[in-house]
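The values are calculated or read from the model by the stated rules, or taken from the named source; none is laboratory data. All of these numbers come straight from a predicted model, not from anything done at the bench. Note that we place each Cβ from the backbone using ideal geometry, even for glycine, and neighbour counts take in every protein chain shown.
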Amino acid sequence: MEIIRSENLDKIYKDNWVPVQALKNINLTVKKGDYMVIAGPSGSGKTTLLNLLGALDKPTSGKIFFEGADISKKTVKELSGLRLNKLGFIFQAYNLIPVLSAIENIEFSLMLLGKPEALRRKLSLNALRDLGIEELANKRPNEMSGGQQQRVAVARAIVNDPSVVLADEPTANLDTATGSNLLDLMDEMNRSKNITFLFSSHDPQVIERARILIRLRDGQIESVQTK
Amino acid sequence: MTKNLLINLAWRNIWRNKRRSAVVLSSIIVGVAATISMDGLTNGMTYQMLFNQINLGTSHIQIHKTGYTDNRLVKNFIQGELQLKADILRLPGVKAVSERVVTFGLVSSAESSAGIYVYGVDHKAEKRVSAISGLIKEGNYLSGAEREVVVGYELANKLNAGLGNKIILMANDPSGKIHSDVFRISGLFESFSSGFDKSYIFVNSDDLQNMLGLGNSYHELAIIVAEPSLAESLKSEIRSAVGSDFEVKTYRDILPILVMQIDLSRESMWIVNMIIGIALVFGIINVMLMTVIERIREFGVLMAIGFSTGKLFSLILLEALIIGLSGTIIGLVITGLIHIPFSYTGIDFSWFSEGLVSLGVGAVIYPVVSYQTVLLTIIMTPMIAVAGAIYPAIKAIRLQPVAAIRHY
Ligand SMILES: Nc1ncnc2c1ncn2[C@@H]1O[C@H](COP(=O)(O)OP(=O)(O)O)[C@@H](O)[C@H]1O
Ligand SMILES: [Mg+2]
């Protein structure tokens, strides 16, 4: 089942006096259960692409379909609803709201969704358990290590059962062992729960796990490999 | 986390940067305290000015023969046979009435002389209408004994006369003939107004009536009512009772400049309050802008996980509202704690009271806070805080928080 499809995406940043073409003619499809990695050197356009696909930013031209619907036709409010209901995000760092504890960070989007308290607690505790960090439940982000924070971010991204999780270089700030552990967890989520993951990374650990590998160079798709 | 997500988040964000929140909070507290204290002092001062004037003799309502106020001639007297006093005393709301014989005259001692207003009063009635009897610093107020006179210290000094000394009073009778008589100083008074002390003297009405051949006629009926606010309605009641032969005036008519001054100081308070408000708005804009710019990445994350721009906007306003409300409450409590004792003991301004005394205010001011000001402070201050957060909140959305998370 198709979740995200892009058609001839272009993104040109015009806010500087020299316009930057960050993406050029991107066509790709993300399907349910995919474990896809967008790889490429720094500056190749990975973050830009993920932000477009996650409806955080708008393309200069081209179209993005989310579960068949053209997202350029959606209002700001609908887009925020889409992010809330269908998408999970994991960023490279600073994912968590500093004033909230781990479990509150996870509960947050469930609260925005208006889920009752008991259910919120249960789902959040489950997510913490799945990631093996139950003991962090009441810790604030500044009391956790980088790896622990990223695990909480993963728990938050998956707790409301999104159609796809977008992870922009999730291991970039972690050491190899911690990064590998985190990736193992996401692998496991993908296999056991059929959660769709779309990564961007230039970390070999991430790339070697990819089942679909898209290589970006200078904003263009250089190759697509399916393993 | 408990029920209300936004309130909870706002509350925690406030506690996050304690020092900064404390700065905003204290500026609001100072603003609230300043607004209320200024109001208390200005009101206290102006009411006192008015109160003093009323007490010194203006009273609440005065009745004269028509034409008297334009031309204060001795012959414009009210005939005693009319029994006006008794009629007016019967009106509900009237507390006291005093008949006064009033004329301009000259007092002289062996050394010098001065032009003054002489009031001939019935000491018993006058005690209930004016406060002069309470201002006697040496000797006694009029007792009804023959040819007593009560003068102010300033005048006594000028005449180089003291308690028990004789002074000569000269004045015209209704026909214009000059009469004079000798009076003995029985008491010296000191009021809040040096001008008053220099130019008013008090004698028994019988003596003055005899001296000027007025019989039992007099010039002024001074009335004290139960509540100053009753003065206007009683005025029209009295007017219709006494007819057009008499002028009926309230203290507002008699002291137009003072009343205007009071109104004016009220208005100038608005300007001061507005300046305080504007200063607060800018202070809050400044601080909120800082916290917004600092947290822009965090806002990006919030929005990425589905927080809407509307919620973000509300969050920022809510933070300001909470600070504004807390500041208002703390400010009111602190101001109240300082203010309430002072409203009983008064605040002594004698260190620069020269100016106040000549304005007709005492050196000690009893602050009077109007409930309108308190109510307005309660409503306006949190609104000002929220108003100050609007621009930063717009800025937060304009800065495109999602763009802020792109790099890193
Ligand atoms: N907000 C922006 N304004 C201007 N140029 C940008 C902006 N964001 C990214 N770019 C440029 O777009 C290109 C792609 O950037 P990015 O998507 O961040 O690459 P990657 O994530 O692969 O490192 C780079 O040349 C970068 O400098
Ligand atoms: Mg990037």
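Among the residues that make up region B:252-266, is at least one of them within 14 Å of chain A (Cβ to nearest Cβ), of a type in the set (Val, Ile, Thr), surrounded by 18 or more Cβ atoms within 10 Å (Cβ to Cβ) and in a helix (DSSP H, G or I)? No.
Only a single item in (1) within 16 Å of ligand 2 (Cβ to nearest atom); (2) loosely packed, with under 14 Cβ neighbours inside 10 Å is not met by residue A:26, and it is number (2). Is it fair to say residue B:196 is outside any helix (DSSP H, G or I) and aromatic (Phe, Trp, Tyr)? It is false that residue B:196 is outside any helix (DSSP H, G or I) and aromatic (Phe, Trp, Tyr). Taking the criterion of being under 20 Å from residue A:162 (Cα atoms), under 18 Å from the mean Cα position of the chain (by Cα) and within 13 Å of another protein chain (Cβ to nearest Cβ), would at least one residue in region A:67-80 satisfy it? Yes, because at least one residue in region A:67-80 is under 20 Å from residue A:162 (Cα atoms), under 18 Å from the mean Cα position of the chain (by Cα) and within 13 Å of another protein chain (Cβ to nearest Cβ).
Scanning region A:39-66 for residues that are farther than 14 Å from residue A:219 by Cα and within 11 Å of chain B (Cβ to nearest Cβ) turns up A:54, A:55, A:56, A:57, A:58. Within region A:56-77, is there a residue that is farther than 24 Å from residue A:204 by Cβ, within 16 Å of ligand 2 (Cβ to nearest atom) and not hydrophobic (A, V, I, L, M, F, W, C)? Checked against the condition, which is being farther than 24 Å from residue A:204 by Cβ, within 16 Å of ligand 2 (Cβ to nearest atom) and not hydrophobic (A, V, I, L, M, F, W, C), region A:56-77 yields at least one hit. Per this entry, residue B:405 is not counted among residues that are over 29 Å from residue B:272 (Cβ atoms), away from ligand 2 (no atom under 16 Å from the Cβ) and at pLDDT below 90. Per this entry, residue A:137 is not counted among residues that are within 16 Å of ligand 2 (Cβ to nearest atom), of a type in the set (A, V, I, L, M, F, W, C) and within 14 Å of chain B (Cβ to nearest Cβ). Against the criterion of being away from ligand 1 (no atom under 16 Å from the Cβ) and within 14 Å of chain B (Cβ to nearest Cβ), residue A:224 does not qualify. Among the conditions (1) of a type in the set (Asp, Glu); (2) closer than 30 Å to residue A:14 by Cα; (3) within 11 Å of chain B (Cβ to nearest Cβ), residue A:104 misses just one, which is (2). In the set (1) more than 25 Å from residue B:55 (Cβ to Cβ); (2) surrounded by fewer than 20 Cβ atoms within 10 Å (Cβ to Cβ), residue B:136 fails one condition alone, (1).
Of all residues in region B:294-317, those that are assigned to a helix (DSSP H, G or I), at the interface with chain A (Cβ under 8 Å from one of its Cβ atoms) and among the β-branched types (Val, Ile, Thr) total 2.
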